[in-house]
Amino acid sequence: MRVSFLKENFDNNCARFIFSFVLDSDDKRKANSFNAGNGEIILGADTCSFDFPFDVAIPHPDLVCMAALKIVSPYIGSTLIMDRPISRYFAEMAKTIYPNIKYINTCNISPRQVSGERYSISFSGGADSLAAANLSPDGTILILSARKQHPLIGKFESWYSTEANQATLANMPQKFVKICVKSDFEYLSTNGKWCIYPDRYAFTIPSILLADHFNLTGILVGDVYAAFSADETKEYSLRNFEKMRDYYKSVNLDLDSPVKGVTEIGSEIINRAFNNGDIATTCQYGSFKKPCMRCIKCFRKSLIKAYLDGKNLSDSVLDNFEKSRAVQNFADKISDAPMKFQYTFHEVLKSYNLSKFSHIQKIKNKADAIDKDSSFITNIYLPGYQESYLPKTMQYSLQKLLKLFNHH
Ligand SMILES: [Zn+2]
């Protein structure tokens, strides 16, 4: 794969970064995503761009390469040629993360250097992301990756709106720096029906491209407990995350999640403590503060909210979910598959009588089949934070967490 990177300005000196890809004979257009799920993806176009709301200088070549890899790594045969060669150090790190790549062109430049401590959050506007922001110090930079239409692909997944996510960002407290970056990169990788992230943490690309602009030393994400245990009932492990952190460290960025020991119930508890749970946008089908109330995320989040309110969802709301295709499909599929949020469902459904709702009853039956202590589900799982060194930003988050969940 050959990658070229170009900067142009638009609208009163705003920066646009444009990536263009030329495939080599051993590259492929059909591949499997490196993101969780490993779905089959097709590369639909050979260029994409990122629009920033201000001017941005071209970042360190290692950052440009890191961003490019998050867009096209699954399609690369064996060789990556960047139009700006990268440091030897970063090339070696990239090759360990992407074993399919045997050669990347390098030159004599030093790896990226940065001092001090400044974090961004790759902010989605979802409840977990909001919780991560709530736990972060003043001045933290919230960077949202919002979709813009691709000029060659046109309308695709037209139901998928990021306007509500942008509204969430706009409604965040003024103590944060808030930035919306618009990009069409998500439309490059699809299965023909919907977009699929080509790589792990692809949503951090705008943060990576802005790292030099803000002298970032770290990027925070909103990964919760279930991201570190295949499902809530399995063993919690930071092993894969550590590998990813080493990789980010090679461009001098700490990758971390303030909510890594928190469940979805915990995120909601945090957001309530900060009085802003109502501005989260988890549903991609609805609009700001108006979720669709039919999708599986709306189902889970509504149950969590009702549980924390100390009440049950009304029969009419339950009936609405019972009739939802998404909930029915979920209920049919889980009987012989692991359930990612099993403990959560067990907890939030425990006070329901579901005799009138057979699909939801099926979900409850599956969720109730647990044999381990799940009390951490409404608290924090502290082993996630036990590290030899915690940067100030993460110390700040941990102190907030300990106080919020009454650990002394
Ligand atoms: Zn929804």
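Rule-based calculations on the coordinates, nothing more; no lab input. This is a predicted model, so every value here is computed, not measured. Note that we place each Cβ from the backbone using ideal geometry, even for glycine, and neighbour counts take in every protein chain shown.
Choose one answer from Tyr285, Tyr236, Tyr103: the residue with the largest mean-square fluctuation in a GNM of the chain with alpha-carbon springs under 10 Å.
Tyr103
Distance between the C-alpha centers of the stretch 361-402 and the stretch 306-338? Whole Å please.
Distance between centres, Cα-based: 23 Å.
Suppose R0 equals 35 Å. What FRET efficiency, 1/(1 + (r/R0)^6) with r the Cβ-Cβ distance, do His407 and Asp55 give to the nearest 0.05?
Computed FRET efficiency for His407 and Asp55: 0.20.
For the stretch 39-148, with equal point scatterers placed on the C-alpha atoms only and solvent neglected, what are the log10 I(q)/I(0) values from the Debye formula at q = 0.10, 0.17, 0.19, 0.21 1/Å, to two decimals?
Taking Cα atoms of the stretch 39-148 as identical point scatterers yields -0.41, -1.08, -1.20, -1.26.
Run the numbers for Ile296 and Thr96: contour at 0.36 nm per residue of separation, minus the present Cα-Cα distance, in nm.
In short, 68.4 nm is gained.
DSSP loop chymotrypsin sites (Phe, Trp or Tyr not before Pro) in the stretch 347-408 with at most 11 other Cβ atoms within 10 Å of their Cβ, which ones?
Tyr389
Which FRET efficiency value, to the nearest 0.05, do you get for Ser110 and Gln386 by plugging their Cβ-Cβ distance into 1/(1 + (r/R0)^6) with R0 = 30 Å?
0.35
What longest range of the chain stays clear of loop-exposed trypsin sites (Lys or Arg not before Pro) (DSSP non-H/G/I/E/B, at most 11 other C-beta within 10 angstrom)?
Longest gap between qualifying sites, sites excluded: 30-154.
By DSSP, what percent of the beta bridges with both residues in the stretch 1-113 are antiparallel, rounded to the nearest 5?
About 75 percent, rounded to the nearest 5.
Extension gain Gln149-Asp46, at 0.36 nm per residue separation less the Cα-Cα distance, in nm?
35.6 nm
Which order do Cys298, Cys292 fall in if you start with the one that has the fewest other Cβ atoms within 10 Å?
Cys292, Cys298
How large is the dipole of the chain about the Cα centre if only Lys and Arg carry +1 and Asp and Glu carry -1, each at its Cβ, rounded to the nearest 20 debye?
Dipole size: approximately 480 debye.
How tilted is helix 296-309 with respect to the longest principal axis of the chain? Cα atoms for both, answer in degrees (0 to 90, nearest 10).
Computed tilt is about 50 degrees.
Pop a pseudo-label 7 angstrom from the Cα along the beta-carbon direction at both Asp368 and Ile18 and give the gap in nm to one decimal.
6.1 nm
Place a +1 charge on the Cβ of each Lys and Arg in the stretch 16-126 and a -1 charge on the Cβ of each Asp and Glu, then give the dipole magnitude about the Cα centre in debye, rounded to the nearest 20.
160 debye
Cut-off 13 Å, label point 7 angstrom out along Cα-to-Cβ of Phe274: give me the residues of the stretch 216-247 whose amide nitrogen falls inside.
220-223
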